[in-house]
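Only one structure is covered here, and it is reproduced in the block below.
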Number of protein chains: 2
Amino acid sequence: MAKKRVLILGGGFGGVYTAKTLEKLRSDRDEFEIALINKDNYFVYQPMLAEIISGHVGVFDTVSPLRSLLRKTDIVVREVESIDLKNKKVITSPGFKPVRSEYSYDYLVLAVGNVTDFRGLTGLTQHALRFKYLSDALTLRNHTIRTLEEAAVESNPKLKEALLTFVVAGGGWSGVECIAELNDFVRHVARKYRNIDPKMVRMVLLQSDTRILREMEETLALTAQEVMQKNGIEIRLETRLAAATGDEAVLSNGERIPTKTLVSTVPGNPNPIIEALDLPKGIGRGGKSNHRIKVNLELQVEGSDHIWAIGDCAQIPEPGDTTGTKFCPPTAQHAVREGELTAHNIVAAIRGGQKKQFGFKGLGQMGVFGHHSAVAQMNMGGFKMNVKGYLAWLMWRAVYLMKLPGWDRQVRTMTAWVTASFLPTDTVQLNVQPQAGIVQEHYEQGQYVFNQGDLGDRLFIIIKGKAEVITTENRISKKLGELAAGQFFGEMAMLREGMSTRMAAVRAVEPLDVLSVPRQDITALAEYIPALRETFQDVIRRRDAENLQTLHPVAPAPAPMPVRAVDEEDTIYIPR
Amino acid sequence: MAKKRVLILGGGFGGVYTAKTLEKLRSDRDEFEIALINKDNYFVYQPMLAEIISGHVGVFDTVSPLRSLLRKTDIVVREVESIDLKNKKVITSPGFKPVRSEYSYDYLVLAVGNVTDFRGLTGLTQHALRFKYLSDALTLRNHTIRTLEEAAVESNPKLKEALLTFVVAGGGWSGVECIAELNDFVRHVARKYRNIDPKMVRMVLLQSDTRILREMEETLALTAQEVMQKNGIEIRLETRLAAATGDEAVLSNGERIPTKTLVSTVPGNPNPIIEALDLPKGIGRGGKSNHRIKVNLELQVEGSDHIWAIGDCAQIPEPGDTTGTKFCPPTAQHAVREGELTAHNIVAAIRGGQKKQFGFKGLGQMGVFGHHSAVAQMNMGGFKMNVKGYLAWLMWRAVYLMKLPGWDRQVRTMTAWVTASFLPTDTVQLNVQPQAGIVQEHYEQGQYVFNQGDLGDRLFIIIKGKAEVITTENRISKKLGELAAGQFFGEMAMLREGMSTRMAAVRAVEPLDVLSVPRQDITALAEYIPALRETFQDVIRRRDAENLQTLHPVAPAPAPMPVRAVDEEDTIYIPR
């Protein structure tokens, strides 16, 4: 008889604890095998993700290789592309070779979580940083150090201010922990920079609600607010992030905050893999599907005898709720217990035993909002208690260290905490940022795409919106023309030999979306695609004929028209 | 009176020790200021770079932020673009803003080192990994873990073999330390992978000479060779790397080794900044300039009273040599002393004191070629001694830990060594690899650019060479046509809706260079550039007219012609 195969999708708390428990329950007869598919080869310990920003723990201290955690499970490091429920197969993305793979199953556990998705939010996809995965934390850390390095050599006070301003959107635990660690880190290391006044550092937290941490009791949340404000964090309540550009955060009240660091911790969106599945889903706001899979208290998908769903991608009834309207929150403590119960019930299904019902009601919540500051709200066996301050912070560290899977990670994390307490804070900036290739960018009205005198390193094609072309001479600016969708600009500084400078500025007249193409990409393509080369040669010929007076006239060049002088941003910095 | 400014270019051993010594010598009257320009905000401790591959030290343990090392120096994190000797100015690359900056100087120290440059080496730029900077070590580590993850789920034995084969070119210390650490790491962690047999791991070191480590005495070098061979490393002497492709290393004897990991540690090339300078240079092989700046024993550039050059970019006479043909080797111990002497002589120039002459003759050499294995060749005050084995390894650790700048780094490194001795080896794979945009690729004769049935994720344009188009049905292959420079292929699977598969294979008929363009880049550009869109629509119309029989006929489709059947590479892997 062929062995049954249990296939788990997702390597978060839910997936890992399902596999771990299955490994324990498997008998010597080995009557089933376990496989787990995850896009990374490691498990991220979300509660400590924020500590990576400040370097209180090292990049690898709190993440565990899945193979070390799950020694009897086949680990497949691939992205899940789709699930074929009828043929009981999962299709994954290609690896080194551009070929898809398939994995069959007898029992399936859906634990894929949700995704961060900025679709529909103006400019966020292009200009906001995320805070969900390990790579996000590392990117944010390195980006932050880069802004400090740039601020240290920047002579333009406005740009320096933007470089030292950090905006985080979202007042849940994710946003709160993120800005608290950023604040500790930046204020601490800013002192090392000879040309940065730590007082110039500005930290802004945006929260759409009337207070932060809606999931906590009001007194605790207000304590957190007070401490954070005392630590120098501006908390903007009843304010949302309306749009993002490369230079500023646009708030819902119309205010614009110039910043080079904008993090959005918007709540997770449904996972596209789950959206595509023809399985019963829960009902969200407005009576529409919330794209979370409906399961019963055995965590089994309604109407199926071999599919389970747990964690953020499942809608699990709250134990004891009779109204049918309350569901388990998407926390780590729940996901762990859901995984354990799922493993029990799968084994029961294989061996024909009694299935268990989910009965976990949560132990409370705790979180950190600054070094030595935390709040905890405990709920154990009906006994409730609130703790705050240094004691709560110690509890937080003790509890989360204990819960960190893998003894080696516990040793590493403890070592990191000890050494961080007496070693100077590290500010090595690792260049992990990929070289941006062809990307989309968003500009708000009045923003400059580039200034006169900038180096010409990119070509822009307008997708949506309008822009104006402006030249400035002797501090008097003239508008040369307007550009609309489908037109391109910035090619003049690119198609000549060598890197040259922009002869005019381009500014958004209304919200503007552009396709931004690097110089080396466009020149490589133009070299080998004749039609593209001719397009550019045409433009150059036209420009030459116009004697370089205008940059891209859509109509005969309009009469010169005075516009406000551009900022003096090109002053050369000489370190003093 | 304005303060004199000393500007140091480069943050390696030479530059850092110049600044460090200048900081010490500066009096309270603060009669000069110090600035240092480096492309990274940290100093890399080269001797321990290889340990990052295996994770014996953490990524940040041995690199130090420049600002922590040099508290009284203005640190500028920018790339140097050029030096204007006449006006005493240094021009740097843009930061966040696309504007160049200038830095003026009274005294200049050139300590920019050399660069790794694969120009003129077929396919290396595109397909070989480097091993010089911190990012190289980290990339190599993550790439190695990725090959193991892929090997664990790969069912095609040939590809699995290539994934488990690692080739390092260069038998100097850099190549030896690199392959030794790779070997220790891969053989150790391969056991964690359920589907990898550690015996399949193959490690190959290529050395053009008759033995490795030419810089060491023969007996020590031969010891190293023996130990490395015993540890499972194949050493190929008198063999050079002739070319590289994405799938294989091509050796000088014509042999091809299938591999997905090829590292080249070719000797450094002259720095372009130095090449461009009109200063006296040394003479290299063939009587041509070696692009190293000629300095006297005061380390001052010949004919200049305010420019010094040290380290790998300078040609420094060997103290005591009367023939004028011997020069100081480019080692860390020399660079440190050169920096210290330069600082003294600059202060003498400012204050009008006596300049010193360089007299350092080297203390010997040591290096590691496997865990617990090293050789050391000491030369102190005329006393010479050779040490090898475990004792040499302990000496190596003691000496290099002592020399590591920054007490906090010493604590971190020691802690890392201690914890690494009892914690399991870490295999977290961080995805730092940038998404490859538009890149150039090299293929050797007979290699497949893609196979029939692969996913169509890229478009290719031939830069040089020829390729043939082949379809296979019922294990019989037919040649459909040949493609030459300027033609493109692979567009069929890309321009239809959704990701589709290749209907034919394309194989290099002779050495082939292509421009490889990602699907999303070409579709984004085609959407907004009409000429490009029309080019592709033309191709599609032509293909449709030909009823999809051929992929890109350069002539009327030739009569079907049997070719050898393509490999069965598309078997689906189901984990067992």
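The values are calculated or read from the model by the stated rules, or taken from the named source; none is laboratory data. Just so it is clear, the structure is predicted and the values come from calculations on it, not from any experiment. All Cβ positions, glycine included, derive from the backbone under ideal geometry; neighbour counts span all protein chains shown.
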Would you tally the residues in the range A:509-542 being in a helix (DSSP H, G or I), in contact (Cβ under 8 Å) with a residue 40 or more places away in the chain and among the charged types (D, E, K, R)? 2
Please list, ordered by residue number, the strands (runs of 3 or more DSSP E) wholly in the range B:217-335 having 1 or more residues that are of a type in the set (Gly, Ala, Ser) and touching a residue at least 12 places away in the same chain (Cβ under 8 Å). B:241-244, B:248-251, B:261-264, B:281-283, B:307-309
So which residues in the range B:129-185 are touching a Gly at 6+ places or on another chain (Cβ under 9 Å), charged (D, E, K, R) and farther than 15 Å from B:SER264 by Cβ, if there are any at all? B:ARG141, B:ARG146, B:GLU149, B:GLU150, B:GLU154, B:GLU181, B:ASP184
Residues in the range A:336-377 that are among the β-branched types (Val, Ile, Thr) and not in a helix (DSSP H, G or I) total 2
So is B:ASP570 modelled with pLDDT under 85, charged (D, E, K, R) and under 35 Å from the mean Cα position of the chain (by Cα) or not? yes
Among residues of the range B:131-150 being surrounded by fewer than 19 Cβ atoms within 10 Å (Cβ to Cβ) and assigned to a loop (DSSP other than H, G, I, E, B), the residue farthest from the other protein chains (Cβ to nearest Cβ) is B:LYS132
Is it the case that B:ILE350 is closer than 27 Å to B:ILE273 by Cβ and surrounded by 21 or more Cβ atoms within 10 Å (Cβ to Cβ)? no
Residue list for the range B:406-419, filter: modelled with pLDDT under 90 and either more than 10 Å from chain A (Cβ to nearest Cβ) or not in a helix (DSSP H, G or I) (or both): B:GLY406
Can you spot a residue in the range B:425-445 that is in a loop (DSSP other than H, G, I, E, B), more than 9 Å from chain A (Cβ to nearest Cβ) and under 30 Å from B:VAL517 (Cα atoms)? yes
Give the number of residues within the range B:49-63 that are assigned to a loop (DSSP other than H, G, I, E, B) and among the hydrophobic types (A, V, I, L, M, F, W, C). 3
Please specify each residue of the range B:81-101 satisfying the condition of being outside any loop (DSSP other than H, G, I, E, B), over 27 Å from the mean Cα position of the chain (by Cα) and either buried (at least 20 other Cβ atoms within 10 Å of the Cβ) or at the interface with chain A (Cβ under 7 Å from one of its Cβ atoms) (or both). B:SER101
Answer from A:ILE196, A:ILE212, A:ILE179 - the residue that is among the hydrophobic types (A, V, I, L, M, F, W, C) and closer than 26 Å to A:CYS328 by Cβ: A:ILE212
Name the single residue, out of those in the range A:64-80 being within 30 Å of B:ARG502 (Cβ to Cβ) and assigned to a loop (DSSP other than H, G, I, E, B), that is farthest from the other protein chains (Cβ to nearest Cβ). A:GLU79
Could you check how many residues of the range B:156-169 are modelled with pLDDT under 95 and either in contact with a strand residue (DSSP E or B) (Cβ under 9 Å, 6 or more places away or on another chain) or not assigned by TED's automatic domain parsing to the domain that holds B:ARG211 (or both)? 2
Taking the condition of being surrounded by fewer than 20 Cβ atoms within 10 Å (Cβ to Cβ), closer than 22 Å to A:THR342 by Cα and of a type in the set (A, V, I, L, M), how many residues in the range A:278-302 meet it? 2
Verdict on B:MET203 being part of a strand (DSSP E or B), at pLDDT 95 or above and surrounded by 15 or more Cβ atoms within 10 Å (Cβ to Cβ): yes
Hey, among A:GLU23, A:GLU31, which residue is of a type outside the set (Phe, Trp, Tyr), at pLDDT 95 or above and surrounded by fewer than 23 Cβ atoms within 10 Å (Cβ to Cβ)? A:GLU23
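Okay, residues lined up against (1) closer than 24 Å to B:THR425 by Cα; (2) surrounded by 19 or more Cβ atoms within 10 Å (Cβ to Cβ); (3) of a type in the set (Ser, Thr, Tyr):
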{"position": "A:MET48", "(1), (2), (3)": "yes, yes, no"}
{"position": "A:GLY55", "(1), (2), (3)": "yes, yes, no"}
{"position": "A:ARG71", "(1), (2), (3)": "yes, no, no"}
{"position": "A:ASP74", "(1), (2), (3)": "yes, yes, no"}
{"position": "A:GLU79", "(1), (2), (3)": "no, no, no"}
Among (1) touching a helix residue (DSSP H, G or I) at 6+ places or on another chain (Cβ under 8 Å); (2) assigned to a strand (DSSP E or B), which single condition is B:THR471 missing? (1)
For the range B:64-119, how many residues are of a type in the set (Gly, Ala, Ser) and within 20 Å of B:ALA2 (Cα to Cα)? 1
Members of the range B:342-397 found to be small (Gly, Ala, Ser), touching a residue at least 12 places away in the same chain (Cβ under 8 Å) and under 19 Å from B:ALA19 (Cα atoms), listed by number: B:ALA343, B:ALA349
